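Below: the structure, in structure tokens.
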Amino acid sequence: AFRKGVTYRFSFEAERLDRPGYVLPCVYSVSPEGVHRAVPFDGRDVFLSSVGKAAAAGVDFVSFPAEVRWGEKSVDFSALDALIGEILSVNPHALLVPRLPLDAPAWWLRDHPDDRMAFGDGTRPQMASVSSRAYRRLAVDFAERVVRHLMERFPRHFAGIHPVGQNTGEWFYFQSWKRQCGYDPRTLEAFRAHLGDAAAAVPTPQERLAPVLDERTVAFN
């Protein structure tokens with residue numbers, strides 16, 4: 001367990017490789033809900049030196065993870081503002097494009113169980129279904145609050161946001177490389193609305209994995 005207000009220093013050793021490669025130091029955090037999350041060391045000294053080198057080459061756009069605490073009653077911008085202050089100390093002309101995580105926070109998922117994703121085996125991860133209209137409203141409201149803050153606090157530097165979420169922030173369904181999702185109530189509602197069929201059912205995992213075409217119907221040139 002980590003204690004608030006305490007600075008921790010980590011060290012590691014890396015052996016010499018026999019071929020080109022790279023090392024990405026990470027720590028793993030476990031939330032009270034049991035969610036494991038890899039947290040790469042931000043290497044802020046390297047990041048800021050890169051900002052300086054880019055500025056010297058005439059590149060002012062800066063992309064970086066937005067560290068914003070999304071609380072149940074408030075949004076804490078202190079970490080984000082501090083990082084932006086460091087960026088501007090290196091490049092006073094920086095144009096900021098923060099990467100803003102829009103995954104639903106744990107407190108919201110706790111209060112909206114039917115809006116969580118569901119896999120074909122019935123398990124439900126700590127991740128909102130993108131078909132949930134309530135989640136979408138929540139995400140839009142949060143993004144608007146962050147944008148308004150940045151426009152007011154850094155009006156000459158704010159260039160836009162890069163919304164990120166789901167797997168590695170790339171907006172493809174969480175764990176979709178190994179599990180089939182789309183079995184939550186909100187996806188079923190969206191699927192029926194899309195088809196205009198109030199009785200439609202989401203295909204089973206077996207149906208979705210079945211071949212679509214008979215091999216005899218496929219022509220090869």
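The values are calculated or read from the model by the stated rules, or taken from the named source; none is laboratory data. Keep in mind the model is a prediction, meaning the values are calculated, not measured. Positions of Cβ are backbone-derived with ideal geometry, glycine not excepted, and every protein chain shown enters the neighbour counts. Heavy atoms of the whole protein, side chains included, go into the accessibility calculation; ligands, DNA and RNA do not. Shrake-Rupley method; radii C 1.70, N 1.55, O 1.52, S 1.80 Å.
Side notes on the structure shown:
- Residue list for the range 119-170, restricted to those being over 30 Å from Asp60 (Cα atoms), open to solvent by less than 40 Å² (accessible area, probe 1.4 Å) and out of contact with any helix residue (DSSP H, G or I) (no Cβ under 7 Å at 6 or more places or on another chain): Phe119, Pro125, Met127, Val130
- Considering (1) out of contact with any strand residue (DSSP E or B) (no Cβ under 8 Å at 6 or more places or on another chain); (2) closer than 30 Å to Ala94 by Cβ, the lone condition that Ala198 does not fulfil carries the number (2).
- Residue ranges of helices (runs of 4 or more DSSP H) in the range 113-221 with at least 1 members farther than 30 Å from Val75 by Cα: 185-195, 205-209
- One residue stands out in the range 46-68 among those that are among the aliphatic types (A, V, I, L, M) and within 26 Å of the chain's Cα centre (by Cα): the one that is surrounded by the most Cβ atoms within 10 Å (Cβ to Cβ), namely Val62.
- Residue count for the range 14-59, restricted to those that are part of a helix (DSSP H, G or I), of a type outside the set (Val, Ile, Thr) and modelled with pLDDT of 75 or more: 9
- Yes/no for Tyr173 being open to solvent by less than 100 Å² (accessible area, probe 1.4 Å), within 18 Å of the chain's Cα centre (by Cα) and of a type in the set (Phe, Trp, Tyr): no
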